[in-house]
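The values are calculated or read from the model by the stated rules, or taken from the named source; none is laboratory data. None of these values were measured; they are calculated from a predicted model. No Cβ is skipped: glycine too gets one built from the backbone with ideal geometry, and neighbour counts run over all protein chains shown.
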Amino acid sequence: MSDEKRRTAAQFGSAAESYFDSEVHRLGEDRETLASWCRGATRALDVATPRAR
C-alpha cells in the first residue's frame, strides 16, 4: 500500500465513526441504497476526496 493510501485510510478511519453517528449522514434512503449497490464489491472509487498536492 502506498503512503498516500495509508494517509487516506488513517484520515478516514479516524472520522468514520463521526459519519456513522451524524444524523445528516445516517438518515434517508440513500445510505441503504448505496449499501445495497456495494454489497459484494471488492473495490470502490472515492470521487469526493481531494487529491493531496
Of the residues Ser18, Ser14, which single one is at pLDDT 80 or above and out of contact with any helix residue (DSSP H, G or I) (no Cβ under 6 Å at 6 or more places or on another chain)? Ser18
Output yes when any residue across the range 40-47 is of a type in the set (Ser, Thr, Tyr) and in a helix (DSSP H, G or I), and no when none is. no
Qualifying residues in the range 23-53 (those that are polar (S, T, N, Q) and modelled with pLDDT of 85 or more) - the one surrounded by the fewest Cβ atoms within 10 Å (Cβ to Cβ): Thr42
Inside the range 1-14, can you point out the residues that are closer than 14 Å to Asp46 by Cβ and surrounded by fewer than 10 Cβ atoms within 10 Å (Cβ to Cβ)? Lys5, Gly13
